[in-house]
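Quick note: the coordinates plus some simple rules give every number you see, no bench work behind them. Predicted model, so just to flag it, every value in this text is computed and none were measured. Here the Cβ is made from the backbone with ideal geometry for all residues, glycine too, and neighbour counts use every protein chain on show.
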Amino acid sequence: MNVHPTIAEVTERIAERSRASRQAYLARIDAAKGNGPHRRHLSCGNLAHGFAACGATDKDRLKGEVTPNLGIVTAYNDMLSAHQPYERYPELIRSIAREVGATAQVAGGVPAMCDGVTQGQAGMELSLFSRDVIAMSAGVALSHDMFDAAMFLGICDKIVPGLMIAALTFGHLPAVFVPAGPMPSGLPNEDKAAVRQAFAEGKVAQDKLLEAESKSYHSPGTCTFYGTANSNQMLMEIMGLHLPGSSFVNPNTPLRDTLTTEAVRRAAAITAQGDNYTPVGRMVDERTIVNGVIGLHATGGSTNHLLHLIAVAAAAGIVLTLEDFDALSSVVPLLARVYPNGYADINHFHQAGGMPYLIGQLLDAGLLHGDVQTVWGSGMDAYRCMPSLDETGTLVYTPVTESANPNILRPASEPFRADGGLRTLKGNLGRSVIKVSSVPEDRYVIEAPAVVFEDQNDVKTAFDRGDLDRDFVAVVRFQGPRAIGMPELHKLTPTLGVLQGRGHRVALVTDGRMSGASGKIPAAIHVSPEAIDGGPLAKVRNGDMIRLDVTAGTLEALVDDAEWNAREMVKADLTHHHHGMGRELFALMRNAVGTGDTGASVFGTQDLHHAADA
């Protein structure tokens, strides 16, 4: 089936806008491919260092020129539940590599912070920057030039985007991303949210809140709500970087280990030594990036990817804009309801048909580029199938043609909503985005007086004083990347949720982030330019009428033009945000980071966008 005209048009527009930068990128990775395994160009001393710790068999293979050597880049640590299962992956990967005549080495580790631990804490101000630190760390790991393909072990919020940026920077190498899977379902997410809201209202004690949280986050594996971590896994599958159907298989199960085994076999098969050379820099093209955006819309995924996908695309010389997200959202229907956009968790989604059903529906409706290259081979048809083990323990794939639960997954002909629920807002307050897939339609337009904050903790303080029991728009400014690293502002969700539940018309406007858990509160986020960088949020005063209009796509301060233009920008003393918990180490990144609408990256994505505009 031909792809939808709007999808084709947006893809062509991206390709045309990116033509010069993409051609330059492809020329670089083609030159980097060289002739044969790179380690053949190392001196004897270099190579001896590179395999000194290997066993005899691996040493013999690495001395030759025909054995694929797989570089493992791992984000393992045992504090992150999602990443703890990776502890035993390197040995499994090495053993399977030997079986297929290859070798594998852990090239290096990358940091992996948990936003769930740092939420509302000082460490959260390092979170977004950790994406670019991860990219650089992976770059250091791969710079030894010993490898013919890379296997990336990462799951959570900034980790996968950082690894993607690194993979594309080393785009001459094939890259296979290897998931570890979600933890089994615990306390239902809606029950957990109810306890959180009751705690925010002072109706339950802290011990009850901790008990609820512990029953929700209870074992190895990814958290089961559909935030950025699980959105990452969806993206890796719909972009063809995972094996088909592998994203949401639980950890430490026979099927999980078999899928990891097959990922190793595939990585060894697609190096330049074989006949199926699949360099990731050529595999990931404009169509692949568009497929990722489509997946985000069809599942109601995390708004963090409005930053990450732009930065990832730029690493491949592709210029992706907020307007592209908006245009694609208008034609991609919402096919999944997963918490916070519904009651189900990610295990329920997988059991209902998961990614294979979703991808099949999008392909059949002409809403996905099916002719892309993937790590599994050519085309997306293989991704319609769900993996399982037969009675002999052999991996088998079965097409998924029906949803097992239409309350969680629906066909493209009967979606939950006709569009992806994401909008770009523009006006005299700047440029922002809003996710409305779970916002009630009667809250699509909020017009109310501003209450201005410069610290998210002050919102809760004002709520506890009783100052916010009314209609208002919370303007939480000086939260952008240059100001304090653009932390997520999840501490606002329970408070604003309580007020909306009381019938008040409330909204949030911020140059910070809200991730995939922004929920039912209208939230205009990632406002650019940010307040510290001359953005108009710095002009807003308490009592200014603010109009957030999803239908019209506008975000306005309803202030007389003459007065607005004459107003001075408020300055903020943010020095207390710039030290402690390692924040002093990140001054260089705060000074170098680009704008939110160009990916909030330190790698020059802002310059790439400006060049494309010119």
Mean residue ellipticity at 222 nm from the helices of the chain, using -39,500 (n - 2.57) per DSSP H segment of n ≥ 4 over the full residue count, to the nearest 500 deg cm²/dmol?
-11000 deg cm²/dmol
Report the antiparallel proportion of the DSSP beta bridges in the range 422-577 as a percent, rounded to a multiple of 5.
55
The range 526-602 to the range 315-382: how many Å between their Cα centroids?
32
Whole-Hz Karplus ³J(HN,Hα) for the range 278-283, in order, using 6.51 cos²θ - 1.76 cosθ + 1.60 and θ = phi - 60°, x for Gly and Pro?
10, x, 5, x, 8, 5
Total formal charge among the other residues, if their Cβ is under 12 angstrom from that of residue 258, Lys/Arg +1 and Asp/Glu -1
-1
In the chain, taking the dipole from +1 charges on Lys and Arg beta carbons and -1 charges on Asp and Glu beta carbons about the Cα centre, the listed residue (589, 195, 361) farthest towards the positive end is 589
Using θ = phi - 60° and the Karplus form 6.51 cos²θ - 1.76 cosθ + 1.60, what ³J(HN,Hα) does each residue of the range 63-75 get, whole Hz, x for Gly and Pro?
6, x, 10, 10, 8, x, 10, 9, x, 9, 10, 10, 9
Under the Karplus relation 6.51 cos²θ - 1.76 cosθ + 1.60, θ = phi - 60°, what is the ordered set of whole-Hz ³J(HN,Hα) values for the range 331-345, x standing for Gly and Pro?
10, 9, x, 7, 9, 10, 10, 10, 3, x, 8, x, 7, 6, 9
Proxy exposure order for 208, 426, 158 (fewest C-beta within 10 Å first) is 208, 426, 158
With +1 on the Cβ of every Lys and Arg and -1 on the Cβ of every Asp and Glu, and nothing else charged, how large is the dipole of the chain about its Cα centre, in debye rounded to the nearest 20?
760
Lysines with Cα under 29 Å of residue 215, excluding same-chain neighbours fewer than 8 positions away:
158, 192, 203, 435, 460, 491, 520
With point charges of +1 on the Cβ of Lys and Arg and -1 on the Cβ of Asp and Glu, referenced to the Cα centre of the range 422-577, which listed residue (569, 459, 486) lies farthest in the positive direction of the dipole?
486
Computed over the chain: longest principal axis from alpha-carbon atoms vs helix 19-33 long axis, angle to nearest 10 degrees, is 30
Just to confirm my numbers, what's the Cα centroid distance between the range 449-511 and the range 87-111 in Å?
46
What is the gain in length, in nm to one decimal, between residue 573 and residue 6 on full extension, counting 0.36 nm per residue of separation less the C-alpha to C-alpha distance?
199.6 nm
Amide hydrogen neighbours beyond the local backbone of residue 34, cut-off 5 Å, H modeled
none
For residue 316, what residues show an amide H to amide H distance below 5 Å, using hydrogens built from the backbone and excluding near sequence neighbours?
none
Testing the spin-label approximation: label points 7 Å from Cα along Cα→Cβ at residue 467 and residue 445. State their distance in nm.
3.0
Residues whose built amide H sits under 5 Å from the amide H of residue 453, excluding neighbours closer than 5 in sequence, are 475, 476, 477
For each of 256, 131, count neighbouring Cβ atoms within 10 Å of the residue's Cβ, then give the residues from fewest to most.
256, 131
Cβ-derived FRET efficiency at R0 56 Å, residue 404 paired with residue 581, nearest 0.05:
0.80
Of the DSSP beta bridges with both residues in the chain, give the percent that are antiparallel, rounding to the nearest 5.
50
Relative contact order (percent, whole number), the range 207-349, Cα cutoff 8 Å, 6+ residue spacing
27
Compute the helix-to-body angle for 456-465: its Cα long axis versus the longest principal axis of the chain, expressed 0 to 90° and rounded to tens.
40
List the relative contact order of the range 422-577 as a percent without decimals, with contacts defined as Cα pairs under 8 Å and 6+ residues apart.
32
Relative contact order for the chain: what is it in percent, counting Cα pairs under 8 Å that are at least 6 residues apart?
15
